[in-house]
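Structure first, commentary second.
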Amino acid sequence: MPELPEIVALERFLAEHAVGAVVGRVDVAALSVLKTFDPPVTALSGRDVTGAGHWGKHLGLNCDGLWLITHLSRGGWLRWLDEPSPNPPKPGKGPLALRVHFFTPEGATPAFDLTEAGTKKRLAVWVVEDPNAVPGIARLGPDALEITEQQFADILGGTSQRLKTALADQSLLAGIGNAYSDEILHVAKLSPFATAGTLAPDKVAQLYEALRAVLTDAVQRSVGQDAARLKGEKRSGMRVHARTGLPCPVCGDTVREVAYADKSFQYCPTCQTGGKILADRRMSRLLK
């Protein structure tokens, strides 16, 4: 799933490549992705692209006052096409969900695709005049890259959730998901299961510094990359996330995994939990 650094990179990519163009045809290959119908998606056609934006993990394109907003969810992605097929895609064929065509001032006719891999179709698209009309945006907490240390401390102090859960709770803090919460906690040397509301002030400062460092570094590595390369760039920067069984790059201990529901996360016992191993959240006692 793209998280805040990748969404920021995609926002800037669209600002560079789409702003100044005119929206052409919009092809809907999967009707289920549309979450709004008034105004219709066809209302975008003929409008100038005047800006791009993001709200947590939501990505938006401003088409002269009408916003096309998407949440890519777990399996979604944006793919830029310099020379798209002139033929409308066949509905229900392949991962393509929606294609937006453009006419640029230079006479080019590029497009971008919103695609979704896997069987669970969660990619969503809204066409709205006000981004806050999107329910997920209206519920968001402050942007993880814009929050101050005091705001961060107040947020953590007001919840009894575990750190792992709190960092990825979009109503508390917008933009961090499963991958970067793993990385932030590893850099901060904190257990994923420590209780957020009882964290000592020095540990809060340590966690805030780690959050800033991890996200800022990820943005710097991601911005300027071609949209097609962002996934690989994200994976290449990971220390523990999705690295179960590999050595921790800091201490050499084996990276461990905790699986629950349909997700999993990774951590280093030596760096984060005092050497204790939590093999399965459903069968092990939570670490504090």
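The values are calculated or read from the model by the stated rules, or taken from the named source; none is laboratory data. Note that the structure is a prediction, hence the values are computed from the model and not measured. Glycine also receives a Cβ, built like all others from the backbone with ideal geometry; neighbour counts cover every protein chain displayed. Surface accessibility is based on the protein's heavy atoms, side chains included, excluding ligands, DNA and RNA. Shrake-Rupley method; radii C 1.70, N 1.55, O 1.52, S 1.80 Å.
Summary table
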{"read-out": "Residue in the range 100-111 that is open to solvent by less than 10 Å² (accessible area, probe 1.4 Å) and either among the hydroxyl-bearing types (Ser, Thr, Tyr) or out of contact with any His (no Cβ under 8 Å at 6 or more places or on another chain) (or both) present", "value": "yes"}
{"read-out": "Within the range 192-211, considering residues that are surrounded by fewer than 16 Cβ atoms within 10 Å (Cβ to Cβ) and not hydrophobic (A, V, I, L, M, F, W, C), the one nearest to residue 145 (Cα to Cα)", "value": "209"}
{"read-out": "Matching strands (runs of 3 or more DSSP E) fully within the range 71-163 where at least 3 residues are outside the structural domain of residue 35 (by the TED database) and in contact with a strand residue (DSSP E or B) (Cβ under 7 Å, 6 or more places away or on another chain)", "value": "none"}
{"read-out": "The listed residue being touching a Pro at 6+ places or on another chain (Cβ under 8 Å) and not aromatic (Phe, Trp, Tyr), out of 182, 217", "value": "182"}
{"read-out": "Unmet criterion (only one of (1) farther than 19 Å from residue 109 by Cβ; (2) over 25 Å from the mean Cα position of the chain (by Cα); (3) of a type in the set (Asp, Glu)) for residue 6", "value": "(2)"}
{"read-out": "The range 53-68 residues that are more than 25 Å from residue 147 (Cα to Cα) and basic (Lys, Arg), paired with ones that are assigned to a strand (DSSP E or B) and open to solvent by 10 Å² or more (accessible area, probe 1.4 Å) (beta carbon under 6 Å, 6 or more apart)", "value": "none"}
{"read-out": "From 263, 234, residue being charged (D, E, K, R) and open to solvent by less than 40 Å² (accessible area, probe 1.4 Å)", "value": "234"}
{"read-out": "Output for the range 26-46, where each listed residue is outside any loop (DSSP other than H, G, I, E, B) and not polar (S, T, N, Q)", "value": "26, 27, 28, 31, 33, 34, 41, 43, 44"}
{"read-out": "Test for residue 181: is it in contact (Cβ under 8 Å) with a residue 60 or more places away in the chain, farther than 30 Å from residue 81 by Cβ and not acidic (Asp, Glu)", "value": "yes"}
{"read-out": "The range 134-160 - residue that is hydrophobic (A, V, I, L, M, F, W, C) and within 15 Å of residue 203 (Cβ to Cβ) and, of those, farthest from the chain's Cα centre (by Cα)", "value": "153"}
{"read-out": "Count - residues of the range 112-133 that are within 20 Å of the chain's Cα centre (by Cα) and either buried (at least 19 other Cβ atoms within 10 Å of the Cβ) or at pLDDT 95 or above (or both)", "value": "13"}
{"read-out": "Enumeration of residues in the range 168-178 that are touching a residue at least 24 places away in the same chain (Cβ under 8 Å) and not acidic (Asp, Glu)", "value": "170, 171, 172, 173, 174, 175, 176, 177, 178"}
{"read-out": "Which numbered condition residue 73 fails, given (1) under 17 Å from the mean Cα position of the chain (by Cα); (2) at negative phi", "value": "(2)"}
